[in-house]
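See structure below.
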């Protein structure tokens, strides 16, 4: 008898959660079908890539992107779309960039190169000097002023191909790009050339931001293609007597007024609790910023579109944020954070997509242990879609500062294998995005947002 | 005391397996590093795509592919490379293909089309008739002779976008391509046009094999692009009075002598036990056969190269087989199976890669329950590499007949999201293959082959 009562209690206690779980499963399946059948993310991305194009902060295209994505958000059904002003750096590549290697015998080899973002340009006549190769950052200080002064330092630090997760290799080798120029300048170098942070051997230079340390002279900095880096390294094994000439025309102009683009669906039960979903709107100037980060922006818009299309009324306020200036200043992030703090907003959760529009495998998070434990109870909802890897080890760069407000953070984790084939290079174009992969990411984001909206933290 | 003895026995009994497991883990890690750092699969694929190109059975290029891949296998370190002769069908596309829609008002719309493989051509003046659209196979018999006789049947059966695994959608909609022409001919149609089996909406017609049922007339059959199919379907909602004219010049010529390419490393302990690893060498004529199935062939060669490069001496005989004529006849498979049977060969295991060179997620298998249980004990070796999905639900098409010899079968399962963007279309080119993704698949195959070689079934 006792056993039967216990069973009954258990039955009553578990009845609601089981029903709710089935309801959630069903809703998430409908979300999937809606996104995979009717998403507009791919066509929006085509427009952003082909009709707007590259949109570096401060450029006319960046301003156009603000206007066009505001329209897309309105068309997706946002109740309120507005711009959040911020001043952004205005770095321009300027005129033609070129350079060549001069071998010991006088033979010239043209380089596939580009200036690094935020770098100073060379004098009009370019710079020319002997080349010194380093294969680690440590080697710069080991070589010292004696070997580096007056020379051009060639930082040849390949991305480690044996890391499965390519962002790990990017993190390790990336220091050459962002800190290499100042480290070389410390010992008297007059310029630096960095092996492109790329996972393939090809002819495309990959740009990206670098950062000067104010204690040392600002010297010109370029990236060369991985094929050129391989070739040059082989030449330097034959003879040290190798020089390089290169010319860049880039410069940093005065700051420009720009904006984050924000859209909302107001929460029906807890309107003051904000769920932020976003990507960044600016992109490097060499291509179309398709995977970096057109896809993240279009997926974020799709989260809103699909919720509206399904007639879903969120309990909490869903706010789509397309951040300006992630690539070379993070001023959009700053503006968003400052406004959140000033207005004493309650930011429950923030989710970013900025790792490419590839097949998603799951989510990275940056949250408390208790919050993560709760997230893991939702993992089973993602299993049918092979998007069920969750690890509490990091989130997106535009939402990082919200952590100090106690916000639970997350980022979409797509397959990382192809990202550094196209990242910051001329190949980051619409044609290299797959509609289904893009949509799967949008679905994953929408499902995660739905669960946080339903159950909070 | 008894407890301590028991522990000791347990320790002794478990010592070897644990040590062996660590050794296997370590070997597999070394395999991974070798493939990800030094694989030649990508450069071999570049050659196959750019220097050989499309290689439909019976073509000059197919013969060239036999020669060039034999060379690649020799360079990879094969102890023995040989050709296994087979006669193959020789279908040719012939001269220019073209066609257009004529709307009720007389307006013409050019179609993006291609003949289906193995189809007959039209008369020189083409064929012209009113169009009847069907959206399922069943609809053909429902419409019957009354509505179909003398007309061109338009089979508009999109791939279902809500299936996560795209091959499922291909299987369902594919019947329109391979059986649609004969089903339409049964009711008197004079031609068929099939919506391309493609996962994206674009302008590329996708070819592929069709098969005539000898009971009905052989009528011309083409595929049109998904964009054209969408457009045409919309036009037919406005008016039934829509005609199509098209012309194709394809024909089936006499069989041609061709061959499978085979290479071996002889087993050191059980040389009579054969492990077959392969892909198919032939490809459709519209592009370069990069993902279908240049990648599978190059991955198979890489399995051999990496074993030789690591100095691995297999216990069993590893045999790389590049099958001819998978696309429109399977004569290579037949030849391989017939020789295996005739020579009374012991085929332990066969592994195929023919689902594209994308990031691998695991393996499909077709084997006994006991064999699969054994495979699952190896699953943990693949977990570090996110290639750990095993399901005993199918294998590759070139190895299927080996099942009757009791062979355990398997196929590599790459991410399927992009496959039907490029499959059998002009977009299946080298540029759409990622080096890291290709290499990951080669590694996964090598690791699986290593485990079967070590432990058998």
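Once both labels are positioned 7 Å from their Cα atoms along Cα-to-Cβ, the gap between residue A:404 and residue B:380 label points is 4.5 nm. As an equivalent ellipsoid, the stretch B:179-221 spans semi-axes of 23, 10, 7 angstrom, where each value is the square root of five times an eigenvalue of the C-alpha gyration tensor, largest first.
Using the Cβ-Cβ distance between residue A:308 and residue B:240 with R0 set to 35 Å, the FRET efficiency works out to roughly 0.45. For the stretch A:94-249, the relative contact order comes to 38 percent (Cα pairs under 8 Å, sequence separation of at least 6). Going 7 Å from the Cα of residue A:33 toward and past its Cβ, which residues in the stretch A:311-325 have a backbone nitrogen under 16 Å from where you end up? Within reach of a label on residue A:33, which here means backbone N under 16 Å from a point 7 Å along Cα→Cβ, the stretch A:311-325 contributes A:311-312.
A Förster radius of 60 Å, combined with the Cβ-Cβ distance separating residue A:201 from residue B:139, puts the computed FRET efficiency at roughly 0.70. Each of A:431, A:68 was scored by other Cβ atoms within 10 Å of its Cβ. Arranged with the fewest first, they read A:431, A:68. The tail of the calculated P(r) for the stretch B:94-249, taken as Cα-Cα distances beyond 19 Å, holds 48 percent of the pairs. The reciprocal of the average 1/r between distinct C-alpha atoms defines the Kirkwood hydrodynamic radius, which for the protein assembly as shown equals 30.3 Å.
Each part gets one Cα centre, and for the stretch B:54-83 versus the stretch A:145-190 those centres are 43 Å apart.
List the relative contact order of the stretch B:8-153 as a percent without decimals, with contacts defined as Cα pairs under 8 Å and 6+ residues apart. Walk me through the numbers on the way to the answer.
Numbers: 73 pairs, mean separation 16.2, N = 146.
Answer for the stretch B:8-153 is 11 percent.
Counting only other chain Cβ atoms within 10 Å of each residue's Cβ, the peptide A:320-329 averages 0. Compared with the dominant Cα axis of chain A, that is its longest principal axis, helix A:331-342 is turned about 40°.
Summarising the label geometry, the points placed 7 Å from Cα in the beta-carbon direction at residue A:19 and residue A:455 lie 1.8 nm from one another.
For a quick protection proxy, order the peptides A:363-372, B:374-383, B:391-400 by their average other-Cβ count within 10 Å, most packed first.
Ranked from most to least packed, the peptides come out as B:391-400, A:363-372, B:374-383.
Expressed in Å, the radius of gyration and Dmax of the Cα atoms of the stretch B:252-405 are 15.9, 51.
Helix A:166-186 sits at what angle to the longest principal axis of chain A, using alpha carbons and giving 0 to 90 degrees rounded to 10? Value to nearest ten degrees: 40. Using only Cα atoms, locate the centre of the stretch A:196-242 and the centre of the stretch B:385-442, then give the distance between them in Å, rounded to an integer. One Cα centre to the other: 37 Å. Distances between every pair of Cα atoms in the stretch B:197-310, grouped in 5 Å steps from 0 to the bin holding the largest one, split as 2, 7, 11, 14, 14, 13, 10, 8, 7, 6, 4, 2, 1, 1, 0 percent.
Our summary gives chain A a relative contact order of 21 percent, counting only alpha carbon pairs under 8 angstrom and 6 or more residues apart.
Model label sites at residue A:50 and residue A:213, defined 7 Å from Cα along the beta-carbon direction, differ in position by 4.7 nm.
With one equal scatterer per alpha carbon and no solvent term, the Debye-computed log10 I(q)/I(0) for chain A at 0.09, 0.12 1/Å reads -0.61, -0.98.
If you fit an axis through the alpha-carbon atoms of helix B:226-238 and take the longest principal axis of the Cα set of chain B, what angle between them do you get, 0 to 90°, nearest 10? Taking Cα atoms only, the helix is inclined about 40 degrees.
Per-residue mean of foreign Cβ neighbours for A:430-442 is 4 (Cβ atoms of other chains, 10 Å radius). In this calculation the C-beta distance from residue A:26 to residue A:231 is compared with R0 = 51 Å, giving a FRET efficiency of 0.35. Among A:190, A:320, the ranking by other beta carbons within 10 Å of each residue's beta carbon, starting with the fewest, stands as A:190, A:320. Shape summary: the stretch B:12-62 maps onto an equivalent ellipsoid whose semi-axes, from the alpha-carbon gyration tensor, are 43, 14, 4 Å in decreasing order.
Rank these for me by crowding, B:135, B:122, going from fewest to most other beta carbons within 10 Å.
Details: B:135 14, B:122 23.
Least crowded to most crowded, the residues run B:135, B:122.
Averaged over peptide A:26-34, how many Cβ atoms belonging to another chain are found within 10 Å of each residue's Cβ? Working shown, then result.
On the way: counts 0, 0, 0, 1, 0, 0, 3, 3, 1.
Per residue, the number of nearby Cβ atoms from other chains is 1 on average.
No value in this document is a laboratory result; all are computed from the given coordinates. Keep in mind that this is a model prediction, so the values were computed, not measured. Positions of Cβ are backbone-derived with ideal geometry, glycine not excepted, and every protein chain shown enters the neighbour counts.
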